[in-house]
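**Q** Got a structure here, written out as C-alpha cells. Questions coming.
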Amino acid sequence: MQANFQKIVVLGTGGTIAGESRSANEGLAYTAGQRGVAQLLEAVAGKTHSLPESLAGCQIETEQVAQLDSKDMDFATWIDLAKRCEQHLTQADVGALVITHGTDTLEETAYFLSRVMTSEKPIVLTCAMRPANFKDADGPQNLRDALNVAAQLKGRGVWMVAAGEIHHSQFVQKVHPTRLNAFDSGEHGAAGKVISDQIRWSPSWTSPLPEPLLDVAKLPSAENWPWVEIILNHVQAGNRGLNCWVAAGLQGVVVAGTGNGAMSETLKQALQKAQSHGVLVRVASRCSQGPVIATENHAFETSGNLNAVKTRVALMLDILSKQQSH
Ligand code: SIN
C-alpha cells in the first residue's frame, strides 16, 4: 500500500518522550526535553526498523520547534508552533503533521491548535510517560503509532495518540500522573486503537469539528495575550484571591466548579462583581468527566464539555478575537 501523500513533518517540542534519566532503570526521575526530534525518529525509523505499511513511499521530515518540559509551555512557543504548523500544512506535498510533546500540558496545546488551525490536513500529537533512555521506553511505539495514524487520517482535526489509543483534542485529558496509559477521553471514550499497526476506529464514535476561534495569522505577540486564570471551588471557597487578581487587571476567569459547575455564594458574589468590572467569567467543572449542563441556576456562561484548562484556552482566544473585531 502506498501512502496517500508524499510527506509527514514531525515537529519536536520536548517532553518526556525526549527526556533522559540517570540510568535505563530510572523511569520517573528524569529531565524532559534532552533528545532532538531527529533522534526520536531514528529510534522508530532507523536502519534497523521498518515503518508501518501505511508510510510506504512517504518521506518523513523533522523540525525542532522547542525543547522544553511542557509544564513550562508558554504563549510564545504556542505562537511559533502554530505558525510552523500553518507553514508546513500549506505545502502541497505535506499531508499531515506529527508533534512530539510533553504529557503534562499536551491537552492544552492540542486544544489550542484545534481552535486556530484552518488547514484541511490533520495534526497528531504524541508523547511518552517514560524517558527515551528507559529500558522499556514507550516513546518509540507511540511515535510509530502517531505516524501511522497521521498517514491514514483525512481532513481537519487535532488528535493525540499514545499507549495504543487515539483521542480527539476536544475530549482528551491526562488523568494519571505515572501510568503508561495516562490519557482518557471520559464519556466520549477513545476514538480508536492502534493494535500491531492496525487502526481500529470505535464504531459509534463521531468526530467533533470545533470552528477556529482565531486565525494563526491574527495571534498577537505573547505579551499581548489576555490574563485569564482558573479558580477552584472547594470547601469555604472565598473571594480574597480573586479580588486581588481583579484589582491587578485580570481579564478573564474560569471557575472549576464543584459538580455541575457550582460555587460558594462568597465566590459567586465576587465573580459577579468582577464581571461588572468587565472580567469575563466561564464555568467548568472540577469533576474529571461529563459536561456542565447549563440550568437557570447558572449565573455565568458554562463551558459545555470542555475541562477547565481548555475552557481557559477558549476564553483567551475569545477575548483576543473580540479585541480584534473592535
Ligand atoms: C512534560 O510534560 O514535558 C514532562 C512530563 C511528560 O512528558 O510526561
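The values are calculated or read from the model by the stated rules, or taken from the named source; none is laboratory data. Because the structure is predicted, anything quoted here is derived from the model rather than measured. All Cβ positions, even for glycine, are placed from backbone atoms using ideal geometry, and neighbour counts span all protein chains on display. These accessible areas exclude ligands, DNA and RNA; they are computed on the full protein's heavy atoms, side chains included. Shrake-Rupley method; radii C 1.70, N 1.55, O 1.52, S 1.80 Å.
**Q** Given the residues Gln91, Gln67, which is the only one that is among the polar types (S, T, N, Q) and more than 14 Å from Gly12 (Cα to Cα)?
**A** Going through Gln91, Gln67 in turn, the sole match is Gln91.
**Q** Another one. Quick one: count up the residues across the stretch 6-44 that are open to solvent by 40 Å² or more (accessible area, probe 1.4 Å), of a type in the set (A, V, I, L, M, F, W, C) and either touching a helix residue (DSSP H, G or I) at 6+ places or on another chain (Cβ under 6 Å) or away from the ligand (no atom under 16 Å from the Cβ) (or both).
**A** 3
**Q** Does Ala190 count as in contact with a strand residue (DSSP E or B) (Cβ under 7 Å, 6 or more places away or on another chain), farther than 30 Å from Leu280 by Cβ, open to solvent by 20 Å² or more (accessible area, probe 1.4 Å) and assigned by TED's automatic domain parsing to the domain that holds Lys83?
**A** The answer is yes for Ala190.
**Q** Sticking with this one: For residues in the stretch 1-39 being touching a Cys at 6+ places or on another chain (Cβ under 8 Å) and assigned to a loop (DSSP other than H, G, I, E, B), which is modelled with the lowest pLDDT?
**A** Applying the first criterion (touching a Cys at 6+ places or on another chain (Cβ under 8 Å)) to the stretch 1-39 yields 3, 5-8, 11, 15-17.
Checking which are assigned to a loop (DSSP other than H, G, I, E, B) leaves us with 3, 5-6, 15.
On the way: Ala3: 56, Phe5: 69, Gln6: 91, Gly15: 98.
Only one residue fits best here, namely Ala3.
Here's the yes/no breakdown for (1) away from the ligand (no atom under 16 Å from the Cβ); (2) open to solvent by less than 20 Å² (accessible area, probe 1.4 Å); (3) of a type outside the set (D, E, K, R):
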| residue | (1), (2), (3) |
| --- | --- |
| His49 | yes, no, yes |
| Ser54 | yes, yes, yes |
| Trp78 | no, yes, yes |
| Ala92 | yes, no, yes |
| Thr105 | no, no, yes |
| Met117 | yes, yes, yes |
| Thr126 | no, yes, yes |
| Phe134 | no, no, yes |
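**Q** Only one residue in Val281, Val313 is outside the structural domain of Val175 (by TED's automatic domain parsing) and touching a strand residue (DSSP E or B) at 6+ places or on another chain (Cβ under 6 Å), so which one is that?
**A** Residue meeting the stated conditions: Val281.
**Q** Another one. Given the conditions (1) away from the ligand (no atom under 16 Å from the Cβ); (2) closer than 25 Å to Thr48 by Cα; (3) crowded, with 18+ Cβ neighbours inside 10 Å, which single one is not true for Leu153?
**A** Single failed check for Leu153: (2).
**Q** Same structure, new question: Considering (1) open to solvent by 50 Å² or more (accessible area, probe 1.4 Å); (2) within 16 Å of the ligand (Cβ to nearest atom); (3) of a type in the set (A, V, I, L, M), say which one Leu68 fails and leave the rest.
**A** (1)
**Q** When you scan the stretch 172-187, how many residues do you find that are surrounded by fewer than 24 Cβ atoms within 10 Å (Cβ to Cβ) and either assigned to a loop (DSSP other than H, G, I, E, B) or among the β-branched types (Val, Ile, Thr) (or both)?
**A** 9
**Q** Where residues in the stretch 94-103 are more than 13 Å from Ala66 (Cβ to Cβ) and within 16 Å of the ligand (Cβ to nearest atom), which of them is surrounded by the fewest Cβ atoms within 10 Å (Cβ to Cβ)?
**A** Looking at the filtered set, the residue picked out is Thr103.
**Q** How many residues are open to solvent by 20 Å² or more (accessible area, probe 1.4 Å) and without any contact (Cβ under 8 Å) to a residue 60 or more places away in the chain if we restrict to the stretch 160-171?
**A** Count: 2.
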